[in-house]
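Novice: Encoded as structure tokens, here's the structure I'll be asking about.
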Amino acid sequence: MCGRYHVTEEMAGEMEYLVKQTEEKLRRESAAALKRIVTADIYPADQAPVFLAAGGGLACTWLRWGFPVQQEQRKGLMINARCETATDRPLFREGILHRRIAVPAAAFYEWDQEKAKYTFRGKNGKALFLAGCCRNYGDGEHFVILTTAANKSMEPVHDRMPLLLQEDQVTDWILDAGKTKSLLRQIPFSLERSTEYEQLRFF
């Protein structure tokens with residue numbers, strides 16, 4: 001699963017190329033959205049930058065993390081959706097079919113059964129793109145992050161992890177519905193894993 005992740009100001013410059021193909025107005029709006037990024041941890045219910053389809057290409061905007069849900073007379077947030085079942089669940093189906101997004105992150109966190117906190121990053125510190133989808137609510141669009149079975153770099157910590165997109169898969173995930181099923185089934189690439197006491201690299 002994914003319950004907290006990290007963004008940095010440096011990511012913005014790396015990601016501008018993703019919005020080059022849209023019309024000028026959307027490019028300006030995306031540039032403004034990217035400039036809002038500051039180094040911080042992102043928590044459920046926070047607003048965060050995402051990439052989505054707009055103007056025939058990709059745009060960057062800010063959406064709120066988590067679908068509001070009512071559970072046994074208590075309000076909560078659904079922050080993740082399982083790749084294996086997302087297309088079968090009414091809460092996520094329309095988003096997977098028509099409102100796919102990519103969530104940029106510098107790193108994300110996971111805790112093991114002993115509550116030890118681990119940080120997962122891309123190779124050489126490259127930005128990560130987490131697959132997700134969004135849905136409209138009364139206060140605007142909200143998003144969830146898709147999760148899949150853990151790969152070898154995640155397995156020692158948790159049995160689930162975000163569905164990771166390679167840089168060259170971001171556009172396909174968002175714009176090409178014909179590739180959705182295959183991307184939902186892919187095994188995420190390996191990550192660098194570290195704690196306060198260790199750092200293990202998997203290439």
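The values are calculated or read from the model by the stated rules, or taken from the named source; none is laboratory data. Keep in mind it's a predicted model, so treat the numbers as computed, not measured. Glycine also receives a Cβ, built like all others from the backbone with ideal geometry; neighbour counts cover every protein chain displayed. Please note that ligands, DNA and RNA were not included when accessible areas were found on the heavy atoms of the full protein model with its side chains. Shrake-Rupley method; radii C 1.70, N 1.55, O 1.52, S 1.80 Å.
Novice: Does region 135-166 hold any residues that are polar (S, T, N, Q) and open to solvent by 50 Å² or more (accessible area, probe 1.4 Å), and which are they? Write out each step before concluding.
Specialist: Filtering region 135-166 down to residues polar (S, T, N, Q) leaves 136, 147-148, 151, 153, 166.
Residues satisfying the conditions are N136, Q166.
Novice: While we're looking at this one, here's another question. Quick check on C2: is it part of a loop (DSSP other than H, G, I, E, B), open to solvent by less than 80 Å² (accessible area, probe 1.4 Å) and not β-branched (V, I, T)?
Specialist: yes
Novice: Another one. Mind checking which pairs have a first residue in region 43-62 that is on the phi > 0 side of the Ramachandran plot and a second that is open to solvent by 20 Å² or more (accessible area, probe 1.4 Å) and assigned to a strand (DSSP E or B), Cβ under 7 Å, 6 or more apart or different chains?
Specialist: A45/R64; A45/L77
Novice: Looking at region 100-116, which of its residues are under 16 Å from H158 (Cβ atoms), of a type in the set (D, E, K, R) and open to solvent by less than 40 Å² (accessible area, probe 1.4 Å)?
Specialist: Listed by number, the residues that qualify are E110, D112.
Novice: OK, next. Just to verify a result, which residue in region 34-71, among those that are open to solvent by 60 Å² or more (accessible area, probe 1.4 Å) and not in a strand (DSSP E or B), is modelled with the lowest pLDDT?
Specialist: Out of the qualifying residues, it is G56.
Novice: Of the conditions (1) touching a helix residue (DSSP H, G or I) at 6+ places or on another chain (Cβ under 8 Å); (2) within 13 Å of G122 (Cα to Cα), Q169 satisfies every one except a single condition; which number is it?
Specialist: (2)
Novice: Can you say whether K25 is surrounded by fewer than 14 Cβ atoms within 10 Å (Cβ to Cβ), over 18 Å from A131 (Cα atoms) and touching a helix residue (DSSP H, G or I) at 6+ places or on another chain (Cβ under 8 Å), as far as the supplied structure shows?
Specialist: Values: surrounded by fewer than 14 Cβ atoms within 10 Å (Cβ to Cβ): yes; over 18 Å from A131 (Cα atoms): yes; touching a helix residue (DSSP H, G or I) at 6+ places or on another chain (Cβ under 8 Å): no.
Judged against the criteria, K25 is not a match.
Novice: While we're on this one: Residue under question is G95, and the condition is that it be open to solvent by less than 30 Å² (accessible area, probe 1.4 Å) and in a helix (DSSP H, G or I); does it hold?
Specialist: Yes.
Novice: Looking at this structure, is E84 surrounded by fewer than 18 Cβ atoms within 10 Å (Cβ to Cβ) and either aromatic (F, W, Y) or modelled with pLDDT under 90 (or both)?
Specialist: Against the criterion (surrounded by fewer than 18 Cβ atoms within 10 Å (Cβ to Cβ) and either aromatic (F, W, Y) or modelled with pLDDT under 90 (or both)), E84 does not qualify.
Novice: Here's something else I'd like to know. Does Q169 qualify as being under 22 Å from A33 (Cβ atoms), surrounded by fewer than 21 Cβ atoms within 10 Å (Cβ to Cβ) and of a type outside the set (D, E, K, R)?
Specialist: When the stated conditions are applied, Q169 passes them.
Novice: Looking at region 68-90 only, could you name the residues that are among the aliphatic types (A, V, I, L, M), more than 13 Å from the chain's Cα centre (by Cα) and closer than 24 Å to L58 by Cα?
Specialist: The first filter runs over region 68-90 and keeps only residues among the aliphatic types (A, V, I, L, M), leaving 69, 77-79, 81, 86.
Then drop every residue that is not more than 13 Å from the chain's Cα centre (by Cα), which leaves 69, 77-78, 86.
Hit for region 68-90 is A86, nothing else.
Novice: Which of the residues spanning region 125-160 are over 22 Å from V69 (Cβ atoms) and part of a strand (DSSP E or B)?
Specialist: L128, F129, A149
Novice: Okay, moving on. So which residues in region 122-134 are touching a Leu at 6+ places or on another chain (Cβ under 6 Å) and open to solvent by 20 Å² or more (accessible area, probe 1.4 Å)?
Specialist: Once the filter is applied, which keeps residues that are touching a Leu at 6+ places or on another chain (Cβ under 6 Å) and open to solvent by 20 Å² or more (accessible area, probe 1.4 Å), region 122-134 yields nothing.
Novice: OK, next. Does A31 satisfy the criteria of being surrounded by fewer than 20 Cβ atoms within 10 Å (Cβ to Cβ) and part of a helix (DSSP H, G or I)?
Specialist: Details: surrounded by fewer than 20 Cβ atoms within 10 Å (Cβ to Cβ): yes; part of a helix (DSSP H, G or I): yes.
In short, yes.
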